[in-house]
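Working notes, beginning with the structure itself.
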Amino acid sequence: DYSQQSPVRGHDEVERLSRAFNELAARLESSEARRRQFVSDASHELKTPLASIKLLSDSILQNEMDPETQREFIGDIGREADRLGRLTQKLLTLTKLDSSVEEEREILDAAPVVRKVVRMLLPLARLRGIGIDTTFEPDCSVMTVEDDLYQIVFNLTENAIKYNRQDGWVGVSIRRAGDQVELRVEDSGAGIPPESMEHIFERFYRVDKARSRAAGGAGLGLSIVHDMVERSYGTITVQARPGGGTIFTVRFPHFDLEEDET
Ligand code: ADP
């Protein structure tokens, strides 16, 4: 029980020690509370698709139904299983980010990574009639883990497509801004309500629970982005786009690409 406070009295030294002890205890308690909250939220998210799978399989077993309906239900089970898979993957990623295991960072040009992500997401964008404009400037090297950088750009760009309107627009750019490298992902979607902006990077936070869940989201993507950006010494901000939509800006410190040693 960390909540017990030790009384502060006596000499300065004792007082200082006692205060330091109380601060430490409070910090431990709040990180323990956060951990407990995380486990409880995660369990809740896992339960929802599991409950659907159980319901669907029970009704296939217990009800007479035509083969077509049966196939439909089995398809639903598959989709729920996929959702569980994606969710578990995200939870694992977050757990790894929380552990103090350091991954090897390297200095690399961010532009090819951004290009790769956009290429991967083009089919999804096309499906929704969304056009993606890209800007790549030279000399955008940052200190990062390549998989992290890929994930950062992927989550932001996928959101820009997912939370957009049919036939909307997405802009992805990477450019040098002084001694920084700036990644911008913007969209023409409905935008994020101002009162939600400060919560958007919290774990399990969703603006529109029903709509986001239908899109397969658990509110973890942006918290993963946030932690990965920090691990690459960067910062991330979000703002409303004039005329509708959202702009996410990630700023990394620029690192010179090391010269070939030969
Ligand atoms: P999810 O997996 O639910 O998409 P995220 O952490 O990626 O989780 O995003 C959290 C919430 O922020 C989303 O549920 C959505 O409501 C909102 N959001 C994220 N990106 C955008 C965007 N580009 N436009 C509008 N809303 C967004």
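Here the condition is being at pLDDT 95 or above, within 15 Å of the ligand (Cβ to nearest atom) and out of contact with any Asp or Glu (no Cβ under 6 Å at 6 or more places or on another chain); of VAL142, VAL172, it holds for VAL172 alone.
Inside segment 46-75, residues that are more than 18 Å from ALA218 (Cα to Cα) and assigned to a helix (DSSP H, G or I) make up a count of 18. All of (1) at pLDDT 95 or above; (2) in a helix (DSSP H, G or I) hold for LEU183 with one exception: (2). When LEU84, LEU50, LEU108, LEU46 are screened for being touching a residue at least 24 places away in the same chain (Cβ under 8 Å) and either at positive phi or touching a strand residue (DSSP E or B) at 6+ places or on another chain (Cβ under 9 Å) (or both), only LEU108 passes. Could you tell me which residue of segment 146-202 is surrounded by the fewest Cβ atoms within 10 Å (Cβ to Cβ), considering only residues that are among the hydrophobic types (A, V, I, L, M, F, W, C), over 21 Å from ARG115 (Cβ atoms) and more than 15 Å from the chain's Cα centre (by Cα)? Restricting to residues being among the hydrophobic types (A, V, I, L, M, F, W, C), over 21 Å from ARG115 (Cβ atoms) and more than 15 Å from the chain's Cα centre (by Cα), the top hit is ALA190. The single residue among ILE200, ILE192, ILE247 that is within 19 Å of ARG165 (Cβ to Cβ), in a loop (DSSP other than H, G, I, E, B) and in contact (Cβ under 8 Å) with a residue 12 or more places away in the chain turns out to be ILE192.
Checking LEU124, LEU108, LEU156, LEU149 one by one, the residue that is within 13 Å of the ligand (Cβ to nearest atom) and either among the aliphatic types (A, V, I, L, M) or in a strand (DSSP E or B) (or both) is LEU156 and no other.
The values are calculated or read from the model by the stated rules, or taken from the named source; none is laboratory data. Everything numeric in this text was worked out from a predicted model, so none of it was measured. As a convention, Cβ positions derive from the backbone with ideal geometry for all residues, glycine included, and neighbour counts pool all protein chains shown.
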